[in-house]
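Colleague: Below: one structure in structure tokens.
Read-outs throughout are calculated quantities, based only on the coordinates presented, and are distinct from any laboratory measurement. Model, not experiment: these values are computed from the prediction. Here the Cβ positions follow ideal geometry from the backbone for every residue, glycine too, while neighbour counts run over all protein chains shown.
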Amino acid sequence: DAGVHSKAWYAATCDRKMAEDALYRSNKDGSFLVRKSSGQDSRQPYTLVVFYNRRVYNIPIRFIESTRQYALGREKSGEERFDSVAEIVENHQRASLVLIDSQNHTKDSTKLKHIVRIS
């Protein structure tokens, strides 16, 4: 279990468009939620959606079968791995999350500050 189902930041029935619309409405840097990934791929079960600097970032959360852990984004050497999705969120409420804009090749960072609820 990824530890998501009882969490305020988990939007179980939310698709990408709903998540992005809700974050644009919040309009606060560091607003976030976690949703199920669109692809329904067991190796990438969830997506962390973050609002920063008038942009919405959809960051895949990968499940690493060999260690039964979770990690953010594409696989990279020395990446941080977590035992649950909840640990990823808790970690990035304290430590900045790097946001990479693949279109503009820019990097920003923010902490996860404001939980966005989908009503």
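Colleague: Once Rg and Dmax of the Cα atoms in Å is worked out from the coordinates, which option in (1) 14.4, 48; (2) 20.1, 66; (3) 13.3, 39 does it equal?
Modeller: Checked against the structure: label (3).
Colleague: First select every other residue whose beta carbon is under 13 angstrom from the beta carbon of residue 107; then total the charges, Lys and Arg +1, Asp and Glu -1. Display every interim value, and only then the final one.
Modeller: Details: positive: 55; negative: 101, 108.
Counting the neighbours of residue 107, the net charge comes to -1.
Colleague: Amide H to amide H, which residues 5 or more places from residue 84 or on other chains are under 5 Å from it, using H placed in the peptide plane?
Modeller: HN-HN under 5 Å from residue 84: 70.
Colleague: While we're looking at this one, here's another question. Mean separation of Cα pairs under 8 Å and 6+ residues apart, divided by the residue count of region 18-76: what relative contact order is that in percent? The partial results should precede the final answer.
Modeller: Numbers: 103 pairs, mean separation 15.6, N = 59.
The normalised contact order for region 18-76 reaches 26 percent.
Colleague: If you place +1 on the Cβ of every Lys and Arg, -1 on the Cβ of every Asp and Glu, and leave all else neutral, what size is the dipole of region 10-115 about its Cα centre, to the nearest 20 Debye?
Modeller: Using Cβ point charges on Lys, Arg, Asp and Glu, region 10-115 gives about 240 debye.
Colleague: Next question, about the same structure. Tell me which residues come under 5 Å, amide H to amide H, from residue 10 once H is placed; ignore anything under 5 positions away on its chain.
Modeller: Under 5 Å from the amide H of residue 10: 34.
Colleague: I've got another one for you. Quick query: amide H of residue 55 versus all other amide H atoms, modeled in the peptide plane; which residues come in under 5 Å with a sequence gap of 5 or more or a different chain?
Modeller: none
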